[in-house]
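What follows draws every value from the coordinates through simple rules; no lab data is involved. Here the structure is a predicted model, which is why all the values come from computation and not from measurement. Please note: Cβ atoms are built from the backbone with ideal geometry, for glycine as well, and neighbour counts cover all protein chains shown.
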Amino acid sequence: MIFMGKMPLVSVVILNWNGREDTIELLNSLKKTTYENYEILIVDQGSIDSSVEAIKKKFKNLKIIQNKTNVGFAGGNNIGMKHSKGDYVFLMNNDMVVHPNWLSELVKVAEADKTIGITGSMILFYGDRDTIDRLGSIEANRIAGVVIPYARDVKDKDQFREPIETHFLNGLIRRDVIRKVGMYDEKMFAGGFEEIDFCSRARKRGYKTVVVPTSKLWHKGARTIKPGTYFLIFNSYKNKLRYILRNYNFAEKVLAVSFNLIYYFFKVFNFLYKMRPDLSKAIINAVIWNLKNYKDYL
């Protein structure tokens, strides 16, 4: 692609927490990026696997921000955004690899329409490189708070060519969005709904969230937070309620919170039946956490 005038600077922010091999594989793939005007910022979350030393040895032209502790997905990305200089910021998971033209395709679409606030890529499965994981996500049932991937488990045969507007995605964020909408909600910490909350706030301000299928990333998934753990259950259930309470109108909140509390009630007993009282406790604590933070929702 030929850009008329100056190519906007893109800041690629990558979180790393004891993910040395994944991060190095991603950085190697980024070296093949055809778009030329970008910077890379690594935000290390207190890793103890010699990640920083290995990255510094192999890669010279990138910025590394070292946190003493893991401040979470939201907090780590916010630190990256604060240190970034780009006209756009891309918050990238470290367990990905990229197609060489991934960034040029995103910038081309974003620059053509200033109402687009966030521009995302087609995400494919790392282990099955021709199968689509998602083209963003859509809110399938607002009362239940059900969010599903768009076009999941579909073979990529280049049938998707034009940009697709979906509700939620991770992607290239226009700097104006960060100025007007703010950053990630750090009380969500990690475990899901951080991007959904951010996209919802952007859309409320009139920005579109668009997926560009010709920009392709491959995602490994579940490399940092393991499924079936107290940490994941607590944060995912906590964040879902917080998302509803922060983004829905009064009538929607009443309906959605009521529905989800009933669902949570059955999940508590389901985990008890499966001899996982720790996960039942995680759900109860997720509800209690939101009650303690009720002032955020007034």
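Below 17 Å, Cα to Cα, which aspartates and glutamates can K253 reach? Residues fewer than 8 away in the same chain don't count.
The qualifying aspartates and glutamates are E139, D197, D296.
Among I14, I64, I262, which one moves the most in a GNM of the chain with springs linking Cα atoms closer than 10 Å?
I262
Choose one of V287, N28, Y150: the residue whose Cα lies farthest towards the positive end of the charge dipole of the chain (beta-carbon charges +1 Lys, Arg; -1 Asp, Glu; about the Cα centre).
Ranked along the dipole, the leading option is V287.
Based on the alpha-carbon gyration tensor of region 95-214 and its eigenvalue square roots a ≥ b ≥ c, which shape applies: rounded if a/c is under 1.5, prolate if not and a/b is larger than b/c, or oblate? Numbers along the way, then the final one.
Values: a/c = 1.65, a/b = 1.22, b/c = 1.35.
The shape class here is oblate.
Specify the inter-centroid distance of region 34-62 and region 272-298, based on alpha-carbon positions, in whole Å.
36 Å
Compute the acute angle (0 to 90°) between the alpha-carbon long axis of helix 250-273 and the principal axis of greatest extent of the alpha-carbon atoms of the chain; round to the nearest 10°.
80 degrees
For labels at T229 and K114 in the simple 7 Å Cα→Cβ model, what's the distance in nm?
About 4.4 nm, to one decimal.
Which of rounded, prolate or oblate describes region 188-298 when judged by the alpha-carbon gyration tensor and an a/c cut-off of 1.5? Present the calculation step by step, with values, prior to reporting the outcome.
Details: a/c = 2.29, a/b = 1.22, b/c = 1.87.
Here region 188-298 falls in the oblate category.
With +1 on each Lys and Arg Cβ and -1 on each Asp and Glu Cβ, and nothing else charged, work out how big the dipole of region 246-297 is about its Cα centre, in Debye to the nearest 20.
Numbers: 8 positive and 3 negative charges, 25 e Å.
The dipole of region 246-297 has a size of about 120 debye.
Find how much the distance from F266 to K253 grows on full extension, using 0.36 nm per residue of separation minus their present alpha carbon separation; answer in nm with one decimal. Before the final figure, lay out the partial values.
Numbers: separation 13, 0.36 × 13 = 4.68 nm, distance 1.98 nm.
My answer for the length gained is 2.7 nm.
Quick one: grab the alpha carbon gyration tensor of the chain, order the square roots of its eigenvalues as a ≥ b ≥ c, and give me rounded if a/c is under 1.5, else prolate or oblate depending on whether a/b is larger than b/c.
Values: a/c = 1.67, a/b = 1.39, b/c = 1.20.
Note, shape of the chain comes out prolate.
Obtain the nm distance between the two label points defined at I288 and A140 by a simple spin-label model: each point lies 7 Å from its Cα along the Cα-to-C-beta direction.
According to this spin-label approximation, the distance is 3.3 nm.
Kindly flag which residue pairs out of K85/K295; K63/K108; K157/K187; K68/K220; K57/K216; K58/K226 have an alpha-carbon separation exceeding 31 Å in this structure. Can you show the working numbers first?
Values: K85/K295 34 Å; K63/K108 25 Å; K157/K187 40 Å; K68/K220 26 Å; K57/K216 28 Å; K58/K226 28 Å.
Beyond 31 Å between Cα atoms: K85/K295; K157/K187.
Can you tell which of Y126, F250, N78 lies farthest toward the positive end of the dipole of the chain, using +1 and -1 charges on the Cβ of basic and acidic side chains (Lys, Arg; Asp, Glu)?
F250
Less than 13 Å from a label point 7 Å out along the Cα-to-Cβ axis of D130: which backbone N atoms in region 155-170 qualify, by residue?
So the set is 155-159.
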